[in-house]
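Taken together, the values in this text are just the output of simple stated rules run on the coordinates, not laboratory data. These numbers were taken from a predicted model, which means no experiment stands behind them. Don't worry about glycine lacking a Cβ; one is built from the backbone with ideal geometry, like all the others, and counts go over all protein chains shown.
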Amino acid sequence: MLTRQHFPRRLASIVVMTFTLVLASAPFASAQDEKRSSAVADIVKGVVFDPTTYAPALISYDATMRDWNTSQPFFRNGFVEHNERFTVTGHPDDTALNYTVGRNQIFKDAMSAFAVTAAQNATSRIVERALLQRYPTHRKVVKTIGWIQRISVASLMSYHLSAPHYRQAQINAERAAELGLR
């Protein structure tokens, strides 16, 4: 089972390779094969301008930064970090990383999520293009299914990556207020 910690890491290399293959195929399209060049350009343009490419990474970044920011008063007052990815030793319930190192870790996680969604969207658009060629009379249905698929994946990924952090940020804020931490 992929956990929040392993989800971006395990898929990142596959995603980066897929996205690179899609982008790398563009220079090989010759002037005689204008259709192929147009297909690659359309796929890249579709991925770049699709908000579902960016949304999971941005939402995940915001949620994790809120969690990280609301944890800082605890760290300043001697509390430890439970998430081993944000501790100095890599073990749970230990000294937290400094703020900047933690923020950089969060940014890396967001970039991993972006790589996953970019590759997923590229793959979705490749499949969509193939279906449009096979079923040209069903253009609207194929396009609609493509949008539903991309929105669903982006929504599920956004929720999976951000919900625990938004909950923890709320808990942190309430506990800090109760304890009078600043």
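Here each label is just a point 7 Å from Cα along the line to Cβ, and for Phe107 and Asp62 those points are 2.0 nm apart.
Computing FRET efficiency as 1/(1 + (r/R0)^6) for Asn98 and His160, where r is the C-beta to C-beta distance and R0 is 25 Å, gives about 0.35. Under 12 Å from a label point set 7 Å out along the Cα-to-Cβ vector of Asn77, the amide N atoms of region 161-179 belong to 172-179.
Kirkwood radius and radius of gyration were both taken over the C-alpha atoms of region 138-182, and their ratio Rg/Rh is 1.44. Taking other C-beta atoms within 10 angstrom as a stand-in for reagent exposure, Met111, Met157 fall in the order Met111, Met157, fewest first. Please find the FRET efficiency linking Arg134 to Val48, where r is the Cβ-Cβ separation and R0 is fixed at 25 Å, and quote it to the nearest 0.05. My answer for the efficiency is 0.50.
As a calculated quantity, the FRET efficiency between Gln170 and Glu84 at R0 = 25 Å, using C-beta atoms, amounts to about 0.65. The H on the amide N of Thr87, modeled in the peptide plane, is under 5 Å from the matching H of Leu97, each at least 5 residues off or on a different chain.
Taking region 100-182 on its own, what percent of its Cα-Cα pair distances exceed 20 Å?
It works out to 55 percent of all Cα pairs.
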